[in-house]
Each structure stands twice: as C-alpha cells, then as structure tokens.
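Notes follow the structure.
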Amino acid sequence: MKYLSGNEIRDIWLKFFAERGHNVEESASLIPSNDKTLLWINAGVAPLKKYFDGTVIPKNPRIVNSQKCIRTNDIDSVGKTARHHTFFEMLGNFSIGDYFRDEIILWAWELLTSDKYFGFDPDKLFVTVYPTDEATLNAWVNVGVPKERIIKTKYNFWEIGSGPCGPCTEVFIDRGIKYGDFDTSVIENDIENDRFIEIWNIVFSQYNSKPGLKRKDYPELPSKNIDTGMGFERLVCMIQDKETNFETDLFMPLIEQLEDFTQIKYTGQMSFKVIVDHIRTVVFAVSDGAVLSNDGRGYVLRRLLRRAIKHGKQLGINEPFLYKMVDSIISIMGSYYGYLKEHRDLTIKVIKIEENKFFETLVQGEKILDEIIKDNKSKIITGEQAFTLYDTYGYPLELTEEIAENEGLRVDKVGFTAEMEKQKERARSARKNITSMNNQNEEYLDFKEEGIFTGYSSFTEETKVIKSFIAGVVLEKTPFYAESGGQIGDKGTITKGNIVYNVLDVQKLPNGQFIHLIENNYLIDGDNVIASIDKNTRLLTMYNHSATHLMFKALREIVGTHVTQQGSQVTSENLRFDFNSYDNLNDEILLEVEKKVNEKIKENIVVNISEKTIEEAKAIGAIAEFGEKYSDKVRVIDMGYTVDLCGGTHVRNTTEIEKFAIASIESKGSGIYRIVGHANKAIENIRNQFIGFHKEMDKLIVKVNKLLVEAKDNEIELIFSFERNEKIIGSYQDVINKRIEFAKLQDLVRELEKKYKELLKEKVFSNIDDLFKEAKDGKIIIKTYNIDKDALKPMVDRLLEKLGTGFVFVANVQNDKVTFIAKSNVDIHAGKIAKEAAIITGGNGGGRPDMAQAGGKDISKVDEALKRVRELVE
C-alpha cells in the first residue's frame with residue numbers, strides 16, 4: 001500500500017464522492033448552530049440532522065464532508081489509548097433519499113481496495129452486519145468479500161430514540177500478528193483491541209423507530225438514507241502503518257516540537273500525546289469563535305488547556321509554551337482549513353493570556369497548599385482540598401501526595417475520587433448528545449410545487465391555495481415572510497369571501513415552500529384568497545432587522561474583528577443578538593456601539609439590495625448570517641457601512657429606522673453575550689426594563705420599612721436615607737443610570753441589614769452574664785425569645801466558652817416557631833438531644849455530637865421539650 005499524507009487522504013475521500021455526484025459540504029463550525037441539545041458538534045451527521053429528519057430537503061441529496069468534531073466524555077482516555085482524541089475529523093458521505101445499499105457498498109469496496117484510491121489489501125478487511133440483514137450480507141458477497149470474513153453482530157443497528165434508524169455495517173482491518181492473536185470473536189463481541197480496527201461505519205437509515213414497537217415491526221421510512229462515518233485520524237494511522245494515531249503526520253510535527261522544548265525523546269509517553277491532542281482542540285475551537293471561561297464549552301476548553309500545561313510541567317516545561325505550537329498546527333491543517341491562518345494572531349493571543357494566567361494560578365496553588373499544611377492538625381488533606389488544588393489550581397494529585405508525605409500528612413484519596421465524580425456529573429449535565437431525530441412528515445416531503453414570495457415589495461396579494469394541509473396552506477403568491485435568518489414569520493390574515501383566517505406563523509417546508517399556519521383550516525386546493533400581512537408588525541420587524549446589521553458592524557469595529565454572530569432573533573418588539581467576545585464588555589463600549597448605530601441611521605444611507613453569486617458577494621466583503629446555508633445566488637444587503645448576505649426584509653434608507661437603543665446585555669456563558677435592543681417605535685419597549693428596576697426598588701424600600709419596624713420593636717435605633725431619581729428614560733445611558741441607582745440602593749440595604757445584625761448581637765451579648773446565671777452543674781438549658789438566627793449560634797458559642805467544659809442548650813422562640821441549638825464538649829451527644837426536643841415540638845433535625853441545630857412548629861410544647869432535655873442530661 002502506497003504512503004499517503006493526511007491531507008492527501010482527505011482529498012481522495014472528498015474527490016471520490018464528488019466524482020459520483022456528491023456536493024462537497026464545508027465542515028460546520030464546532031459550535032452548534034440553533035441546536036441546544038449539543039455543547040459541541042460531536043459527530044459527522046450532527047449538522048445534517050435537518051436533512052435526515054425531513055425538516056429541510058437539500059438541493060443535492062448526495063453530500064460528502066470532513067466534519068470537525070469535539071468529544072470530551074472520555075478525556076481521561078486520551079494518551080492512554082492509541083486512538084482516543086478530544087478533537088477529530090469524521091469523514092462522511094450521505095444520501096438523502098437517493099442511492100442506497102448496493103451503491104454505497106460497491107463504492108466502499110472500490111475506495112478501500114483500489115490502488116487508485118486507498119489501496120488496502122482486500123484479504124485484510126472484515127465486515128460486520130446485523131444478524132437479520134441478509135441484503136447487506138449479500139451486497140458484500142457480490143463485491144467479492146468471502147462469507148467467512150462477514151461477521152454477524154447484534155451491535156450493528158443504529159438507533160437513538162424515536163425517528164429514523166436502521167441496520168449498519170462496519171469495515172475492520174486486520175493489522176496482523178504484531179498487534180495480537182487472530183481471534184475474530186473480539187469483533188463479534190465488540191471488544192476493544194489493537195489488531196482488528198474499525199475504520200468505517202455505514203448506516204442504512206430505512207426504518208422509523210416508534211416507542212412500544214419491536215424492531216421487526218418498525219415501519220419503513222418514506223425516504224431511505226445513507227449515513228456513513230470514517231474516523232479520519234485512525235484511517236491515516238492505518239494507511240501510514242503507524243502504531244498509534246499520534247505517530248502520523250497529523251501529530252508528529254507537534255511531538256517533534258515538544259521534543260525540542262523538553263530535550264526529551266518521544267517514546268510514546270502519555271504527556272506528549274495529551275499535549276498535542278489538547279492544543280489541537282483548543283486552536284480549532286478558538287478559531288471557530290469559542291471562548292475560554294468557567295462554564296459550558298468555555299470550561300471544557302479551559303480544562304483542556306490546563307491539563308496540557310500540567311502535562312507540560314511533568315515534562316519539565318515551567319513557562320508558557322502552548323501558544324508557540326499554533327503555527328505548527330496551521331502548517332499541518334491550514335491547507336484545508338484556511339481560516340486557521342486568518343485567526344492565527346487572535347488564537348495565539350488568547351492561548352498565551354490563558355497560559356500566563358494559569359501559571360500565576362499555579363503559584364497561588366502552591367501558597368494554598370502551604371497554608372493547608374501549616375494549619376493542618378488532623379494530618380489529613382481532605383478530598384475536597386486536594387480536588388480544589390487539582391481542579392482550580394492545576395495541581396496533580398500525585399504532587400499533592402508527594403508534598404504531603406514529605407510533611408508527614410496523607411491525602412484522603414477516597415474523598416478526592418468522590419469530588420471527581422461530582423465534577424463528572426456536572427459535566428454530564430452540561431453535555432447533551434443527539435437524543436433523537438424528528439419523524440419524517442411524508443406529506444410535506446412529497447409536496448414539490450413551488451410558490452412565489454412577493455413580500456419584499458408587496459403587503460397584500462390576490463392569490464390562490466396551491467396546497468392545503470391540516471396545519472395550514474401554501475399559496476401561489478404570498479407577501480408573508482417565513483421565519484429564517486433570525487427574522488420571525490409574518491402575521492396577518494388570509495381571507496376567502498367573508499371568512500377571515502388569522503395567520504399565526506409562517507414556516508418553511510422541507511422543499512422550501514412557505515406554509516401559513518392557521519387555526520381551523522377549511523381552505524382547499526384551488527381556493528382564491530386575499531393574503532394580507534400585518535403592515536405595522538412587518539415594519540417594526542424590518543426596522544429592528546436593519547438595526548441589527550448596523551449593530552453587528554459596530555461591534556466588529558469597536559470590540560474587534562473577532563466578534564462573530566452566534567445567533568439572533570428579530571421581532572417587531574426587539575432585536576436579540578448573540579455574539580462571542582474574548583473580553584468583558586463595559587457600559588462605555590456599549591454606549592459607543594449605540595452611538596455609532598445612531599450616527600449611521602442619521603447619515604441618510606441608501607440601502608442597496610441586489611443578487612450576486614456567492615463568490616461576487618464574498619469579494620466585496622459580505623458577511624454571512626450565522627448558521628445559514630446559501631445557494632449559488634445570494635441576496636446582498638449593502639448599507640454602505642456594512643455589507644451582508646441576508647434574505648430578510650430591510651429598510652430602503654437608514655433614516656427609516658429613526659433611532660436605536662440597547663436595552664440590556666447579559667453573558668450566556670462560554671464567552672457568549674446577548675444584546676437586546678430596540679429600533680424606531682419599538683424603543684418604547686425599553687421602558688419595561690426601566691419599570692422593572694423601579695419595581696425591584698419598591699420591594700427593597702418595603703424591606704427597609706419592615707426592618708426599621710422590627711428594630712424599633714427590639715429597642716434598636718436604625719437610620720436610613722435614600723433619594724430616588726424619577727427621570728424618564730430615553731436611551732441606554734438612562735437604563736445604566738437606573739441600574740446604578742438600583743445597585744446603590746441594594747448596597748445601602750445590605751449595609752443596613754448588616755448593621756442591624758451587629759446591633760442585635762451586641763444586645764444579645766450584653767445580656768450574656770444574665771443568661772450565664774442559669775448555669776447548673778456545667779450545663780445551661782434556657783429558653784429565649786426573638787433572638788436573630790445570626791446571633792443565636794455566636795451566643796451559644798460564647799456561653800460554652802464561659803462555661804469552659806460542659807453542655808449548652810437554647811430554645812429560641814420566634815414567629816410561632818422554635819429553634820434549638822445544642823453545643824457540647826463533654827460526653828453528651830448534642831445531635832441526639834436536639835432531635836429529641838424537635839420531635840416533641842412537631843419538628844425534626846439534629847447534628848454532630850459536638851454541635852446541632854433543630855426546629856419545631858408547636859411552641860406550646862417548648863417547656864415540655866426543655867424538661868425532657870434536662871432529664872436526658874442529668
């Protein structure tokens with residue numbers, strides 16, 4: 001078999017299927033578009049779900065791609081095994097209702113075994129099939145695979161929840177005796193091994209999985225599909241005949257760079273593998289717009305980077321080094337992923353900043369460990385402490401154990417493991433896999449007749465129904481805009497004679513037609529109707545949409561060109577825009593953005609709208625909308641200040657927008673921010689936020705008045721003064737001012753509460769000598785009234801401190817409830833005593849032998865409870 005580079009292998013894959021009528025689809029971003037079920041794109045089919053479930057019908061039913069993926073569910077396996085990665089490419093070819101079993105198996109055998117392509121030895125290939133799938137077995141036999149190398153396994157059925165599913169077939173390569181004995185049972189039983197390596201999985205998506213049905217009873221899909229996946233890195237490993245993926249040309253230049261950094265020869269060490277795997281993941285993710293943070297996907301990246309740094313330290317690297325590897329990754333991958341070069345400087349900056357921060361954090365970790373050791377009387381570093389050092393400060397458990405041992409301490413490894421499991425559970429909660437594909441709607445899929453959209457220039461059309469479904473109708477001509485590109489569908493009416501149907505929403509069918517969703521649909525095919533959109537709603541939506549484009553440009557100009565759109569929604573009420581940023585955004589920046597947008601609105605810019613080829617549009621700098629796929633001809637919106645690809649409705653001149661205001665900004669986590677803004681008359685909606693601050697301030701004032709009354713009842717003098725500003729809002733600056741005023745009031749109320757609690761404690765402690773007089777035989781058992789909960793425990797502490805050795809039990813009655821606090825430094829179990837008292841008063845609780853708290857609901861039995869306590873401790 002001839003040697004092929006990684007880039008050559010990818011190129012052969014794509015060209016092979018392109019020659020067979022497939023559209024070569026660019027890899028989607030690692031950050032999912034409009035899919036809340038995924039933290040990352042984690043499978044080749046993930047960005048194509050809309051095609052498989054029938055939501056959208058592709059222009060070409062044959063698709064081939066090399067899809068970037070990130071999976072971190074088994075991060076601890078990276079470096080330990082030959083083939084685990086956090087970032088990988090999945091080669092895929094797909095048929096959406098076009099070719100099926102016979103064609104793909106014929107092509108698969110040709111691609112794998114022909115010297116013109118990959119050139120595998122046919123005698124080293126084995127295939128698996130589902131036990132009842134005789135059609136696939138026969139198809140393999142027909143291309144020349146002997147039956148003895150076709151293995152039936154129960155694992156060969158692809159099914160995830162309800163929806164499209166079907167049998168699958170896998171191709172394995174036998175690597176020979178060097179990697180283990182000849183034993184095909186490892187294939188049959190799905191046992192991980194190094195000899196028989198799966199290189200291709202072909203899924204025949206032909207059934208519709210339904211709850212309650214056995215597989216043999218699943219109905220067939222109206223549109224049968226092919227979905228295949230071939231792990232790029234392991235394919236390169238097999239073709240280049242390397243022991244592990246890490247010795248291929250995809251990784252070795254990085255490993256050689258590490259050898260230069262460390263002056264250590266690579267012989268398969270785990271740390272080398274972890275570092276080169278993780279830095280690839282971070283570089284691709286950051287280049288796709290991901291941001292390092294403390295939650296979501298940002299937390300995943302931060303953890304990967306810090307894990308790589310930790311392994312660098314194990315190789316003796318004690319300074320930032322990962323950022324120096326970015327150019328090597330671009331050199332390896334940049335010929336196919338050209339955008340890596342465009343984002344090079346920013347990627348280096350982000351990684352270097354993070355490395356510097358983490359090395360500073362490691363120094364802090366050393367100080368934390370020193371403090372833990374210095375103040376440690378139990379001679380044990382708890383699992384929680386060890387895990388905090390590991391997770392927050394990057395301290396390996398082994399290093400903590402080594403230092404602890406030198407200091408005569410030990411580490412609670414059981415507790416550490418428990419904390420690790422908690423973290424994994426948090427990660428599992430944040431990470432959701434593809435759960436199910438929607439069921440195909442055969443009626444929608446089969447409908448091909450097209451209507452015409454006239455809504456760019458018309459608000460009303462005399463038209464006719466070309467197709468009536470239960471949910472709504474498709475019209476021959478329609479002024480209604482269907483939801484897409486972030487802009488919601490129009491609302492309005494469809495009128496037949498005297499009957500008026502309210503259009504609730506407009507959506508696109510799989511073949512692109514607009515379906516007008518209406519209630520109680522009695523319209524039939526051929527009905528003549530009048531379709532009228534709600535003009536006011538359309539105009540307000542249009543103003544917000546055009547303002548969104550201006551704001552996006554202003555963000556890129558003021559915040560930085562790294563800003564990319566991560567989602568949007570445009571309605572008549574507001575615009576909502578999600579974007580990434582590596583830096584925190586302060587009010588000054590947002591005010592500058594708002595100011596810039598309003599300047600462009602006043603400049604009286606004529607908006608030119610035209611159709612161009614995608615190449616012509618890109619040549620003039622047009623920016624694509626997030627998550628959208630475009631045909632050869634695209635609609636270009638040129639506002640002078642910004643040029644964008646967009647199918648939405650827009651103003652003819654920027655002055656039509658009139659004015660723009662930012663209402664709010666919030667962090668959505670993982671470096672993603674969301675701005676909500678308003679244009680034209682919709683700007684009045686900003687008042688709701690202003691009113692919200694007012695209402696919250698009203699609540700705080702009510703809280704203050706209650707506190708002042710309570711203080712007076714307790715004979716404590718409190719003074720509070722605050723003057724509210726009642727200015728009417730008109731811009732984001734006014735919202736900022738109101739937010740600052742609200743924050744100031746919050747701080748004043750917190751200070752008032754703090755002051756009141758301090759005065760309460762002082763009052764309680766001033767009476768401590770009187771309470772101490774109740775001491776008898778080393779025990780204090782008393783009833784108190786209306787002592788604040790924050791003063792109760794300190795009071796008990798002070799009583800026991802004065803007592804020296806003994807037992808203190810306090811029953812505090814407040815607001816028709818009783819709280820029991822018990823503290824002991826003798827042979828009296830505080831927890832058991834407190835629980836006994838609580839049960840008597842209709843409550844529950846307890847605690848440790850030395851300290852306990854409980855509560856009761858029946859204050860009429862407090863004296864009975866105290867009597868029982870005295871009996872128990874005597």
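For segment 260-288, a tally of residues being part of a helix (DSSP H, G or I) and open to solvent by 30 Å² or more (accessible area, probe 1.4 Å) returns 3. Looking at segment 158-176, which of its residues are at pLDDT below 95 and of a type in the set (A, V, I, L, M, F, W, C)? Once the filter is applied, which keeps residues that are at pLDDT below 95 and of a type in the set (A, V, I, L, M, F, W, C), segment 158-176 yields TRP158, ILE160, CYS165.
Let's see how each residue does on (1) within 30 Å of ILE41 (Cβ to Cβ); (2) modelled with pLDDT under 70; (3) open to solvent by 50 Å² or more (accessible area, probe 1.4 Å); (4) assigned to a helix (DSSP H, G or I):
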residue	(1), (2), (3), (4)
GLU405	no, no, yes, yes
LYS422	yes, no, yes, yes
ARG426	yes, yes, yes, yes
LYS432	yes, yes, yes, no
SER436	yes, yes, no, no
ASN439	yes, yes, yes, no
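The set of residues in segment 663-705 that are among the hydrophobic types (A, V, I, L, M, F, W, C), surrounded by 21 or more Cβ atoms within 10 Å (Cβ to Cβ) and modelled with pLDDT of 90 or more comprises ILE675, ALA679. Residues in segment 1-31 that are open to solvent by 40 Å² or more (accessible area, probe 1.4 Å), part of a loop (DSSP other than H, G, I, E, B) and either touching a helix residue (DSSP H, G or I) at 6+ places or on another chain (Cβ under 6 Å) or within 27 Å of ARG175 (Cα to Cα) (or both): MET1, LYS2, TYR3. Each residue in segment 81-127 was checked for being open to solvent by 50 Å² or more (accessible area, probe 1.4 Å) and closer than 26 Å to MET333 by Cα, and 3 of them qualify. Can you spot a residue in segment 221-233 that is open to solvent by 10 Å² or more (accessible area, probe 1.4 Å), touching a residue at least 60 places away in the same chain (Cβ under 8 Å) and either part of a helix (DSSP H, G or I) or at positive phi (or both)? No. Being within 16 Å of ASP777 (Cβ to Cβ), among the β-branched types (Val, Ile, Thr) and surrounded by fewer than 20 Cβ atoms within 10 Å (Cβ to Cβ): is that true of VAL826 here? Criteria met by VAL826.
A quick yes/no check of all residues on (1) out of contact with any Cys (no Cβ under 6 Å at 6 or more places or on another chain); (2) of a type outside the set (A, V, I, L, M); (3) crowded, with 18+ Cβ neighbours inside 10 Å:
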| residue | (1), (2), (3) |
| --- | --- |
| TYR444 | yes, yes, yes |
| THR454 | yes, yes, no |
| GLY472 | yes, yes, yes |
| GLY486 | yes, yes, yes |
| PRO510 | yes, yes, yes |
| ASN521 | yes, yes, no |
| ALA531 | yes, no, yes |
| LYS535 | yes, yes, no |
| TYR543 | yes, yes, yes |
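Any residue at all in segment 289-310 that is of a type in the set (Asp, Glu), surrounded by fewer than 18 Cβ atoms within 10 Å (Cβ to Cβ) and touching a strand residue (DSSP E or B) at 6+ places or on another chain (Cβ under 8 Å)? Within segment 289-310, one or more residues are of a type in the set (Asp, Glu), surrounded by fewer than 18 Cβ atoms within 10 Å (Cβ to Cβ) and touching a strand residue (DSSP E or B) at 6+ places or on another chain (Cβ under 8 Å).
Residues of segment 128-151 include none that is more than 23 Å from ILE239 (Cβ to Cβ), basic (Lys, Arg), touching a Phe, Trp or Tyr at 6+ places or on another chain (Cβ under 8 Å) and open to solvent by 10 Å² or more (accessible area, probe 1.4 Å). Regarding ARG71, is this residue modelled with pLDDT of 90 or more and more than 27 Å from GLY567 (Cβ to Cβ)? No; evaluated as a whole, the condition is false for this residue. If the condition is being of a type in the set (Ser, Thr, Tyr) and either assigned to a strand (DSSP E or B) or on the phi > 0 side of the Ramachandran plot (or both), then segment 58-111 contributes SER66, SER95.
The values are calculated or read from the model by the stated rules, or taken from the named source; none is laboratory data. Predicted model, so just to flag it, every value in this text is computed and none were measured. For neighbour counting, all protein chains shown are included, and Cβ atoms are generated from backbone atoms with ideal geometry for every residue, glycine included. These accessible areas exclude ligands, DNA and RNA; they are computed on the full protein's heavy atoms, side chains included. Shrake-Rupley method; radii C 1.70, N 1.55, O 1.52, S 1.80 Å.
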